[in-house]
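Novice: There's a structure below that I have some questions on.
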Amino acid sequence: MLELTLPNPHALAVMILIIGALVLFTRETIPLQTTSLVVLVAITVGFTLFPFETDGKVLQASDFFLGFGNKALVAVCGLMLVGQGLIRTGALEPVGRFLARLWRRAPAVSLLFTILITAILSAFINNTPIVVLMLPILIGVSMRTGASPSGTLIPMGFASIMGGMATTIGTSTNLLVVNVAADMGMDEFSMFDFLGPAVIAGFFAVIYLWLVAPRLIPERQPPMGGKVSRVYTAQIRLNQDSPLVGKSLAEAILRAGEGIRVETIQRGHGVFINPLPDVVLKAGDRITTSDTQSNLREFARILGGTLFSGDHAVDAAHPLSNEGQQIAEVVITPASRLSGVRIGDARLRSRYGLRLLAFNRFEGSQERKSPGLDEVQLRSGDVLLVQSTPENLTELKETADFLVLDGSIQLPSTRKAPIALATVLGVVLLAALDVMPIEVSAILGFLVLMVTGCLNWKDAMNALSSQVILIIVSSLAMGAALLKTGGADYLAKLFVYITFGAPPSVVLGGLMLMMGILTNIVSNNAAAVIGTPIAIGIAQRLGMPLEPFVLAVLFGANLSFVTPMAYQTNILLMNAGGYKFSDFVRAGLPLAIGLWVILTLVLVWAYGM
């Protein structure tokens, strides 16, 4: 029986910090970037004030900043940039159009093709752009057919996660595990080294997502879809007997309530007055405002005025009109510049030409109407019901800030699409054939996209996620601190102590299960980086090969199916499809358990354990 002794104070402090960080990662009210920065500062300041000596050398606090130059982070950023090139040039347009045509003819077969294509693409391209490509197609199909998208969105999203398991570049999690293990002296995995286990497990996943998952998910409706009244712009002309003649605009607003928003005041032909609070109103003044039909009529009654649309008073012959306007749902993407911005500061009207009608967030809050949302901070996955012109909405699809769910399936297309597609294929082939490391080929691919005009610097900056970068850097810092202080060795010893006497196959399965639970609660990248040195320590103490235990961490950290917060694409799916938390548990738990059992058995068989 192994003897356990307490770890040294530095290792204990690092473990306590990691537990605190993992708890903070689960808090929706605290941005992940903030938690990551807190962790990074705590580690560097802590080791500066309380130096730690290892192998006769004092551990430098600045070493924990090396994550910013880690090749895994460079590779992740390079692949995000290359993936953005595919989106901006519409290089995946043929895939989208093929699926759109197929869905009209054979929905059941189309779902299978959608799952397969999503999984295959996700093995080489970041999951998020794939989901962003597929979401409008599936939403559009549901709008045209009148069917709920419930049975298609979650299977598609889960297929993207499953496909990401198959190669070293499928997800940032894979890249981190592979690079951390290589830094610890293990032979580095090639791109397709664990494709076999992923394909075997993927066969089960595809059958489950195609035939079983859609039947487990209750029918849900998108969160807002048309339940909110349209907004009209009209003028209220003050009558001679209006009680507000001779009163200030501030008094008029107070009388009508804070719901009225005065845009301009017209006094006479072509004379416009700034709507300042102290402006004194006169008979005949026209107050321009925008709201629903019922609210506009109520404002006119309260202010003692007549409602006008254009040159005509509003009546049966001249109703209110918002000709040329269209209502659409738009989703805040993970790469959006508006993430973390107050709605009041987002300038949706002036910058994007959007009227905000309603707002919905996945965390159980009810739909809320606009106005009254100025203080709400936007997050990835938030759904906004907006009104704008069709032309404006088409332009909006070209930005990285919003995902437009209007069902038109208008995909961007440019003559540079073949260049972007060839560049991505080149990046993958150069890495797969070991001509150059993925971090080098990805940066080379980014340069090609910039030189050929497939991307500009604005697109590139939009593609990089501060959240992903800071999580990776802080996770690498936590992993390095755990390793260098002996904390990883202690946790490996503790794991072996708890599982003492159990066969190596049970220990392997227990490790993958632990990672699967952790990844559905906290950041999968943090779980993977912290778990990798522990897995190597466990393998060394058992005298077993390192590879199956490292792969147990990699596969376990990718079992992000059970909760919506487990993966950023899950949040996009939850809002767009109107899902509840329980829907992910209902559809994701059987998939996660099935994959855990299959992958454990495959690894045990493959490595003769």
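Novice: Between helix 438-451 and the chain, what is the angle of the helix's C-alpha long axis to the longest principal axis, kept within 0 to 90° and rounded to the nearest 10?
Specialist: The answer is roughly 30 degrees.
Novice: Under 5 Å between amide hydrogens, which residues at least 5 positions from L378 or on another chain qualify, with H placed 1.01 Å from N in the peptide plane?
Specialist: Here G340, V341, R342, I343 satisfy the definition.
Novice: Ok, one more. Sticking with the crude label model, points 7 Å out along Cα→Cβ, report the distance from K282 to Q377 in nm, one decimal please.
Specialist: 4.8 nm
Novice: Which FRET efficiency value, to the nearest 0.05, do you get for E219 and F113 by plugging their Cβ-Cβ distance into 1/(1 + (r/R0)^6) with R0 = 22 Å?
Specialist: 0.45
Novice: Between R104 and M544, with labels modelled 7 Å along Cα→Cβ, what's the label distance in nm to one decimal, could you check?
Specialist: Calculated label separation equals 5.4 nm.
Novice: Rounded to the nearest 0.05, what FRET efficiency is calculated for V41 and W457 with R0 set to 30 Å and r the Cβ-Cβ distance?
Specialist: Efficiency for this residue pair is about 0.55.
Novice: Round to the nearest 0.05 the FRET efficiency obtained for I498 and L429 when R0 = 41 Å and r is the Cβ-Cβ distance.
Specialist: Result of the calculation: an efficiency of 0.40.
Novice: Taking the Cα centre of the chain as origin, sum charge times position over the Cβ atoms of Lys and Arg (+1) and Asp and Glu (-1), and report the length of that vector in debye to the nearest 20.
Specialist: 1320 debye
Novice: While we're on this one: Using only alpha carbons, build the gyration tensor for segment 33-153 and give me the equivalent ellipsoid semi-axes, biggest first, whole Å.
Specialist: Semi-axes, largest first: 47, 15, 12 Å.
Novice: Please report the spacing between the Cα centers of segment 62-83 and segment 235-301 in Å, no decimals.
Specialist: 56 Å
Novice: I've got another one for you. How much length, in nm to one decimal, is gained on full extension between S248 and K57, taken as 0.36 nm per residue of separation minus their Cα-Cα distance?
Specialist: Between S248 and K57, full extension yields 61.3 nm more.
Novice: Let me ask something else. Among the lysines, select those whose C-alpha is under 26 Å from the C-alpha of K71, and discard any that sit fewer than 8 residues away in the same chain.
Specialist: Straight-distance partners of K71: K57, K458, K484.
Novice: A further question follows. Run the simple label-point estimate for F581 and E188 please: 7 Å along Cα→C-beta, distance reported in nm.
Specialist: It is 4.2 nm.
Novice: Regarding segment 88-141, what are the three Cα extents along the principal axes, ordered largest first, in Å?
Specialist: For segment 88-141, the Cα spread along each principal axis is 28, 20, 17 Å.
Novice: Let me ask something else. Grab the eigenvalues of the alpha-carbon gyration tensor for the chain, scale each by 5, take roots, and send me the semi-axes largest first in whole angstrom.
Specialist: Result for the chain: semi-axes of 52, 28, 22 Å.
Novice: At what distance in angstrom do the alpha carbon centres of segment 526-594 and segment 10-60 lie from each other?
Specialist: 23 Å
Novice: What fraction of the Cα pairs in segment 232-313, stated in percent, has a spacing above 20 angstrom?
Specialist: 18 percent
Novice: A further question on this structure: Length gain on complete extension for the stretch K397 to Y607, per 0.36 nm per residue less the alpha carbon to alpha carbon distance?
Specialist: Length gained between K397 and Y607: 70.8 nm.
Novice: How about segment 239-281: which GluC sites (Glu not before Pro) there are in a DSSP loop, with at most 10 other Cβ atoms within 10 Å of their Cβ?
Specialist: E258
Novice: Then there is this: Largest first and to the nearest Å, give the Cα extent of segment 467-609 along each principal axis.
Specialist: Its Cα atoms span 49, 33, 23 Å along the three principal axes.
Novice: Related question: Set Lys and Arg Cβ to +1 and Asp and Glu Cβ to -1, take the dipole of the chain about its Cα centre, and tell me which of I472, P564, L403 lies farthest positive.
Specialist: Of I472, P564, L403, it is L403.
Novice: How large is the convex hull of the Cα atoms of segment 1-96 per residue, expressed in Å³ as a whole number?
Specialist: 214 Å³
Each value in this text was obtained by applying a stated rule to the coordinates, not by laboratory testing. The structure presented is a predicted model; accordingly, all values stated were derived computationally and were not measured. Heads up, the Cβs are rebuilt from the backbone with ideal geometry, glycines too, and the neighbour counts pull from every protein chain shown.
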